[in-house]
Amino acid sequence: ISDQKPLGCWSLKHGQILTCPVVCNFETHEYIAVHDDKVLRIWKNEDINLDKAFKATLSADVHRIHSLPAAGPLVLFRGGGVRTLDVLLEAPQQEIENVISDEIIRWSGAFMEGQQPVLIFTTEKDGDFFVYVQKLKLSSLHKYKLEQEESSKPLCFTAHITNQTVTLLCLYSNDSVYQVLIPLQQDAEEEEEEEILSKSLILNFSVPGTVLKGTSLVALDKDHVAVLGSLAVPGKESRECLSIWNTKFQTLQTSKELPLGTSGQLWCYEEKFFLIHGKVLTVIMYKCETSSLAAAVGKLKDSQNLDVSSFVNWNTLEDEKLVDSFQSQESVALKAESKMNLRSRRSTVAKGQPETLSVGQLLLNLKDASTYVLETELRQLMSKAPTPDLQATIGCVVTALTDRCKRNPKYYPQNFLLEIVETRDLSYSLCPDLMAVALEKEDMHLLQICLERFPDIPEEIIYACLKAFLSISEAHLQNIDVNLDSVICYIDVEFDNKEVKTEIVENGFSAEMDQDMCDTKIPKETQSRSDGESCPVGLQKAALLNAVLHSAYTETFLLPHLKNLPAQQAILFLRYLYYLYVKCSEKVNTTLPGTRSPTINQIMDWMCLLLDAHFTVMVMLPEAKELLSNLHKFVRAQVRFYSELNKIEGSLRELQRLNHLRESQTYSIEVLEII
């Protein structure tokens with residue numbers, strides 16, 4: 001998400017509007033959307049056009065669809081009626097009852113109580129607020145009225161269910177959170193009565209000298225809530241922030257300012273926060289500790305200390321220092337321990353505390369250690385028994401190494417970094433500074449390994465690697481250790497490192513047979529180096545370029561960077577792509593031999609992308625004219641060849657069918673007429 005790589009995009013027709021959030025059906029792995037209030041759309045990930053997706057027009061307006069991992073999607077209508085998606089699809093035009101009258105739904109949530117789905121929603125009418133609890137399997141619906149609060153009203157709601165009791169948390173405009181308890185087990189005779197729910201104050205957002213104006217509230221567990229809002233300080237401009245509070249002891253666990261602003265909305269799913277920060281969607285990991293008075297009071301005392309960030313991984317936010325990064329990632333790397341214990345041991349030497357110190361604290365203690373001590377401690381940290389959070393720990397280790405490289409230009413543990421990348425399952429997002437440091441140090445081998453192994457490299461970094469690979473001289477590459485597995489099987493090399501030229505047969509067509517298709521005459525002395533017969537780059541550079549071809553990218557984000565590639569480098573890269581294209585065409589299955597060799601689709605995609613970015617420049621450059629001419633001629637020959645194959649496709653299929661029908665012991669002579 002941080003690198004903005006879209007995996008799918010679906011658009012509605014002009015004039016159609018999505019009227020409720022799209023959800024995923026966990027059982028069928030399908031997306032469900034509603035547009036124009038009543039039109040239901042269902043599609044799979046591989047579907048491209050929403051117009052061709054499943055469509056059902058419903059009889060009533062939909063408020064929201066809720067999807068539960070252990071149950072089918074639930075559809076809540078604006079009139080308060082609820083249906084499961086399966087029941088709704090059996091008869092889309094079925095009549096939907098109106099449960100609420102002149103009330104507006106303000107919030108809704110779906111939960112599982114054992115094997116039973118429970119839907120809860122709140123409504124407002126003339127300043128009064130009501131709560132509805134519906135158990136679908138029992139077809140029971142209970143209505144409650146919230147106790148009124150003088151001079152304040154609810155802004156948002158959140159809830160959780162424990163022990164057959166709904167805990168509804170309400171954020172009011174007086175900067176307080178109230179708790180409402182609703183038992184799920186009700187007597188039948190109480191069903192028609194409108195019970196008034198009393199509420200109790202559990203939290204007041206008051207920090208000395210400041211007031212927190214909350215806009216969104218999310219329950220994390222039975223003892224913790226997250227609040228997104230603005231922090232108002234007398235005499236100063238209010239600042240938006242995300243904070244986590246302990247409702248059991250009414251203490252602030254941790255908070256973080258959001259200087260780029262937010263949309264006021266906060267989502268929480270599988271121990272991750274989702275929020276709009278500036279113009280990007282930010283994902284922040286968190287981990288709830290067991291609530292205890294000692295921990296809560298300790299964190300309250302040190303609310304301005306960096307230790308509080310161990311509750312949340314703030315590292316995804318912008319403008320964070322490495323110290324914050326270390327402290328934040330420990331929440332994902334190891335189980336956090338009591339902060340009172342951490343404070344009592346803060347001055348202890350890190351070497352003697354590998355089992356008790358958190359990852360963040362250990363890395364902070366090693367910040368100024370010698371190179372030998374640093375690498376020894378980090379190796380010990382990585383050698384621990386595998387845990388679910390070990391990958392994040394390795395990311396912290398790489399971050400520590402790259403930070404030292406930036407602070408000390410003479411320090412660069414190339415072998416250590418290579419060992420980590422080659423043996424650990426890392427990604428770019430876990431160590432975002434690694435490739436930037438490798439580019440600065442011109443470590444081509446490390447860049448090659450990262451390109452081959454990291455699935456989430458930003459397009460800007462892919463372009464930087466491509467430019468670096470094309471810029472470096474062949475002589476310099478001779479002294480660099482590069483993995484040649486992707487090229488050694490199809491580039492023939494003599495002892496003087498010059499490629500042996502081989503005759504190219506273009507899937508049955510030679511260059512001469514299609515000379516009439518292009519009027520451009522190519523001088524004989526230049527034809528040999530541009531017709532695809534010889535590789536325009538050396539083995540090492542070819543291997544590095546292959547790593548770029550294997551990287552995942554989005555054309556929209558890569559094209560602007562690719563336009564900045566110098567013309568001569570663009571021509572060299574296009575020559576190499578043309579060479580690979582000819583090599584692929586030699587094979588019947590259009591597949592290059594070797595490990596991690598580029599595929600025909602990757603080659604074609606990059607050729608098209610490069611031509612889109614530099615076509616005008618290449619048409620005007622004399623040195624590119626013969627290359628484009630040969631490329632055009634070769635593609636025309638390929639099109640003609642496959643066109644001829646298409647003409648006999650039906651006859652070939654008939655022949656294949658007859659081969660299956662023929663008995664192996666019978667002798668026969670058959671004549672097939674090719675029309």
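Estimated from the Cβ-Cβ distance and a Förster radius of 30 angstrom, the FRET efficiency linking PHE274 and ASP481 is about 0.10.
Does a label point 7 Å from the Cα of SER668, set along Cα-to-beta-carbon, have any residues of segment 640-658 with amide nitrogen under 18 Å, and which are they? Under cut-off, by backbone N: 651-658.
Packing, as the average of other Cβ atoms within 10 Å across residues, places the peptides 253-263, 144-154 in the order 253-263, 144-154, highest first.
Counting only protein heavy atoms and using a 1.4 Å probe, what share of the accessible area of segment 13-139 belongs to carbon plus sulfur, as a whole percent?
49
So for segment 80-219, considering every pair of alpha-carbon atoms, how many percent are separated by more than 18 Å? Roughly 59 percent, rounded to a whole number. Computed with a 1.4 Å probe on the full set of protein chains, the accessible area for GLU555 sits at about 100 Å². Structure note, pairs LYS153/LYS272; LYS153/LYS248; LYS541/LYS633; LYS137/LYS199; LYS222/LYS287: Cα-Cα distances above 18 angstrom occur for LYS153/LYS272; LYS153/LYS248; LYS541/LYS633; LYS137/LYS199. Accessible surface comparison of ASP37, ASP425, probe 1.4 Å, protein chains only, largest first: the order is ASP425, ASP37. Label-to-label distance, LEU138 versus VAL635, with points set 7 angstrom from Cα along the beta-carbon direction: 6.8 nm.
One decimal place: the segment TYR642-ALA232 gains 140.6 nm when fully extended, by the rule 0.36 nm per residue minus the C-alpha distance. Largest first, the residues GLU124, GLU459, GLU649 sort by 1.4 Å accessible area into GLU649, GLU124, GLU459. Extension gain, CYS24 to ASP37, is 2.9 nm, computed as 0.36 nm per intervening residue step minus the present C-alpha separation. With the whole protein complex present, PHE121 retains an accessible surface near 0 Å², based on a 1.4 Å probe.
In this view, the solvent-accessible surface of TRP267, computed with a 1.4 Å probe and all protein chains in place, comes to about 100 Å².
Once the 1.4 Å probe is applied to the protein heavy atoms, segment 126-265 comes out at 48 Å² accessible per residue. Which net charge results for the neighbourhood of HIS476, defined as the other residues with beta-carbon distances under 13 angstrom from its beta-carbon, given Lys and Arg at +1 and Asp and Glu at -1? For residues surrounding HIS476, the net value is -3.
Each peptide in 558-564, 131-137 was scored by the mean count of other Cβ atoms within 10 Å over its residues; highest first, the order is 131-137, 558-564. Taking a point 7 Å from the Cα of VAL617 along the Cα-to-Cβ direction, the residues of segment 562-583 with backbone N closer than 18 Å to it are 562-578.
The values are calculated or read from the model by the stated rules, or taken from the named source; none is laboratory data. What you see is a predicted model, and the numbers here were worked out from it, not measured in a lab. Please note: Cβ atoms are built from the backbone with ideal geometry, for glycine as well, and neighbour counts cover all protein chains shown. Please note that ligands, DNA and RNA were not included when accessible areas were found on the heavy atoms of the full protein model with its side chains. Shrake-Rupley method; radii C 1.70, N 1.55, O 1.52, S 1.80 Å.
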